[in-house]
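**Q** Sharing a structure with you now.
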Amino acid sequence: MNFIKKFAVVAVSAALLANVSHADINVGVIFSLTGPAASLGNETRKSIDLMPTTLGKEKVNFMVMDDATDPTNAVKNARKLIGENNVDVLFGPNLTSGGVAIADVANEKKVPLLSQAPIEVAPEKLKWTFRVEPLAEIMVGRCVADMKAKGAKTVAFIGFSDPWGELLLKALNKTAEAAGIKVVAVERFGRTDNSVTAQALKIVTARPDAVFVGGAGTPAVMPHSTLRDRGYTGPVYHSHAVANKDFLRVGGKAIEGARLAVAPVLVAEQLPDTHPNKKSALAFLALLEKKYGPDSRSTFAGASWDGWVILEHALTGALKTAKPGTDEFREAVRNGLENTKKVVGANGTYTTSATDHGGYDPASAVLIEVSNGKWKYVN
């Protein structure tokens, strides 16, 4: 009788363990597929089609929604994905303002958010919020270091009048001060503005040694070209959020010489063999260009791919302890994301902790410039 009871207990336990990991994993994806940030969102979305649809024995469902470059829509999408689709993790968005807004939902509903935008949140909102993209300070700081090497003593800023522009200005102020470079002018413009002539004239009048354009995608072309039209001949730097082929196409000759710090995937073949991410970047590009063709690369596609590389580690660990679709599984995924250790991706290397939910290694970033309509590795 005791043997029968023991056998029954073992059988029930085995059945429970088998059920723990046998359910669909739902990933709620939110990108800006229409609107002013669509050129970035559609690049970020590319990698979704390269991601595996199974993990072990479990099916992985990627549920993609468009926030139309609107933080309000991003929040609506997040609530729908959690409430109706019971997602285990929120993936995206590519828009900083949308990411900050979704962070509130992630913390309220206790669903991990892995943002493709370099968002910063208050300490009390950090628990459920993670990011793939490096903080603006890392990338802007790389540009400032180049300004200093070129002998610049002053810099002007012209950027978006939104949270992304604010993040970039904050990063410029901090890194420029540390480098002994004075910010002599600050101008703003909207993502959908048709002219920045007045702002450009004020910057030209300030006579800065360099200009930093705090924009993203194709809207960042306008201030650069307007500055050139108004006679500014000094170096112009951009944020890493312009690093896609549409920026090159729209900018044309007007943006020749533009410099920016980016993830290594954009110039993978040009990297020295000693660069820690070259091998992973080339492997990712082989997958991407097989599906989308030559010249389809972008750091935004690389960011979402690295997001999956990081998430895969967290999901694999979570499956050992809980069943997808449950609070326990989401908590386990969160714990996994918080304990990422030297994960090497196409865009960078990541190590997270309880106080750092991004963990991007600054050594991964590289400086590039626009040369003959293409990206050229500088250092």
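The values are calculated or read from the model by the stated rules, or taken from the named source; none is laboratory data. Note that the structure is predicted; figures quoted are calculated from it, not measured. Here Cβ is always computed from backbone atoms with ideal geometry, including for glycine, and neighbour counts include all displayed protein chains.
**Q** Kindly evaluate K80 against the criterion of being surrounded by fewer than 19 Cβ atoms within 10 Å (Cβ to Cβ) and without any contact (Cβ under 8 Å) to a residue 12 or more places away in the chain.
**A** On the way: surrounded by fewer than 19 Cβ atoms within 10 Å (Cβ to Cβ): yes; without any contact (Cβ under 8 Å) to a residue 12 or more places away in the chain: no.
In short, no.
**Q** Still on this model: Within region 1-44, which residues are outside any loop (DSSP other than H, G, I, E, B), surrounded by fewer than 23 Cβ atoms within 10 Å (Cβ to Cβ) and at pLDDT 95 or above?
**A** Correct list: N26 only.
**Q** Still on this model: In the set N347, N339, N379, which member is free of Cβ contacts under 8 Å to residues at least 40 places away in the same chain and closer than 25 Å to V60 by Cα? I'd like the intermediate steps shown before the answer.
**A** Values: N347 fails: free of Cβ contacts under 8 Å to residues at least 40 places away in the same chain; N379 fails: closer than 25 Å to V60 by Cα.
Sole residue among the options that is free of Cβ contacts under 8 Å to residues at least 40 places away in the same chain and closer than 25 Å to V60 by Cα: N339.
**Q** What number of residues within region 112-134 are surrounded by fewer than 24 Cβ atoms within 10 Å (Cβ to Cβ) and among the β-branched types (V, I, T)?
**A** 1
**Q** Looking at region 291-325 only, could you name the residues that are under 18 Å from L266 (Cβ atoms) and free of Cβ contacts under 8 Å to residues at least 24 places away in the same chain?
**A** G293, P294
**Q** One residue is enough: does region 267-280 have a residue meeting the conditions touching a strand residue (DSSP E or B) at 6+ places or on another chain (Cβ under 8 Å), within 22 Å of A145 (Cβ to Cβ) and either of a type in the set (S, T, Y) or in the same structural domain as E166 (by TED's automatic domain parsing) (or both)?
**A** No: zero hits.
**Q** So, one more: When the residues of region 323-342 are narrowed to those that are crowded, with 19+ Cβ neighbours inside 10 Å and of a type in the set (V, I, T), which ends up farthest from P112 (Cα to Cα)?
**A** Among them, the one singled out is T340.
**Q** When region 269-281 is examined, which residues are found to be surrounded by 15 or more Cβ atoms within 10 Å (Cβ to Cβ) and free of Cβ contacts under 8 Å to residues at least 40 places away in the same chain?
**A** Answer for region 269-281, where residues must be surrounded by 15 or more Cβ atoms within 10 Å (Cβ to Cβ) and free of Cβ contacts under 8 Å to residues at least 40 places away in the same chain: just K278.
**Q** Could you please let me know if K320 is surrounded by fewer than 17 Cβ atoms within 10 Å (Cβ to Cβ) and outside any helix (DSSP H, G or I)? Outline the logic, then answer.
**A** Details: surrounded by fewer than 17 Cβ atoms within 10 Å (Cβ to Cβ): yes; outside any helix (DSSP H, G or I): yes.
Answer is yes for this residue.
**Q** Let me ask something else about it. Among the residues of region 83-116, which ones are in contact with a Leu (Cβ under 7 Å, 6 or more places away or on another chain), over 19 Å from D24 (Cβ atoms) and either in contact (Cβ under 8 Å) with a residue 40 or more places away in the chain or among the β-branched types (V, I, T) (or both)? Lay out the reasoning, then the answer.
**A** The first filter runs over region 83-116 and keeps only residues in contact with a Leu (Cβ under 7 Å, 6 or more places away or on another chain), leaving 87, 89-91, 94, 96, 102-103, 106, 111-114.
Among the residues that remain, those that are also over 19 Å from D24 (Cβ atoms) are: 94, 96, 102-103, 106, 113.
N94, T96, I102, listed by residue number.
**Q** Being without any contact (Cβ under 8 Å) to a residue 60 or more places away in the chain and buried (at least 17 other Cβ atoms within 10 Å of the Cβ) is the filter here; which residues of region 180-204 pass it? Lay out the reasoning, then the answer.
**A** Initial filter on region 180-204 (without any contact (Cβ under 8 Å) to a residue 60 or more places away in the chain): 180-190, 193-204.
Within region 180-204, I181, V183, A185, V186, E187, R188, F189, V196, Q199, A200, I203, V204 qualify.
**Q** Check K323 against each of (1) within 25 Å of E84 (Cβ to Cβ); (2) within 23 Å of the chain's Cα centre (by Cα) and name the one condition it does not meet.
**A** (2)
**Q** Now a separate question. List the residue pairs whose Cβ atoms are under 8 Å apart, where the first residue sits in region 141-158 and is free of Cβ contacts under 8 Å to residues at least 40 places away in the same chain and closer than 13 Å to V184 by Cβ, the second is of a type in the set (S, T, Y) and assigned to a helix (DSSP H, G or I), and the two are 6 or more positions apart or on different chains.
**A** Here the result reads none, with nothing in region 141-158 linked to a residue that is of a type in the set (S, T, Y) and assigned to a helix (DSSP H, G or I).
**Q** For region 49-66, state whether one or more residues are touching a strand residue (DSSP E or B) at 6+ places or on another chain (Cβ under 6 Å), buried (at least 21 other Cβ atoms within 10 Å of the Cβ) and either under 30 Å from A176 (Cα atoms) or in the same structural domain as F329 (by TED's automatic domain parsing) (or both).
**A** no
**Q** Okay, next question. Take the conditions more than 30 Å from G251 (Cβ to Cβ) and not aliphatic (A, V, I, L, M) and apply them to N379. Does it pass? Working first, answer last.
**A** Numbers: more than 30 Å from G251 (Cβ to Cβ): no; not aliphatic (A, V, I, L, M): yes.
Spelling it out, it is not the case that N379 is more than 30 Å from G251 (Cβ to Cβ) and not aliphatic (A, V, I, L, M).
**Q** Starting from region 43-66, take each residue that is in contact (Cβ under 8 Å) with a residue 60 or more places away in the chain and list its partners that are of a type in the set (F, W, Y) and part of a helix (DSSP H, G or I), counting only C-beta distances under 6 angstrom and pairs at least six apart or across chains.
**A** From residues that are in contact (Cβ under 8 Å) with a residue 60 or more places away in the chain, the pairs are E43/F300; T44/F300; S47/W305; M51/W308.
**Q** How many residues does region 90-109 contain that are out of contact with any helix residue (DSSP H, G or I) (no Cβ under 6 Å at 6 or more places or on another chain), crowded, with 24+ Cβ neighbours inside 10 Å and either of a type in the set (V, I, T) or assigned to a helix (DSSP H, G or I) (or both)?
**A** Final tally of qualifying residues: 2.
**Q** Please report, ordered by residue number, the strands (runs of 3 or more DSSP E) entirely within region 117-233 with at least 3 residues that are touching a strand residue (DSSP E or B) at 6+ places or on another chain (Cβ under 7 Å), not assigned by TED's automatic domain parsing to the domain that holds T44 and not aromatic (F, W, Y).
**A** Because the criterion is at least 3 residues that are touching a strand residue (DSSP E or B) at 6+ places or on another chain (Cβ under 7 Å), not assigned by TED's automatic domain parsing to the domain that holds T44 and not aromatic (F, W, Y), the strands (runs of 3 or more DSSP E) in region 117-233 that meet it are 154-160, 182-189, 210-214.
**Q** I would also like to ask the following. Quick one: would you say G99 is in the same structural domain as V204 (by TED's automatic domain parsing) and not hydrophobic (A, V, I, L, M, F, W, C)? Explain how you work it out, then say what you get.
**A** Numbers: in the same structural domain as V204 (by TED's automatic domain parsing): no; not hydrophobic (A, V, I, L, M, F, W, C): yes.
Spelling it out, it is not the case that G99 is in the same structural domain as V204 (by TED's automatic domain parsing) and not hydrophobic (A, V, I, L, M, F, W, C).
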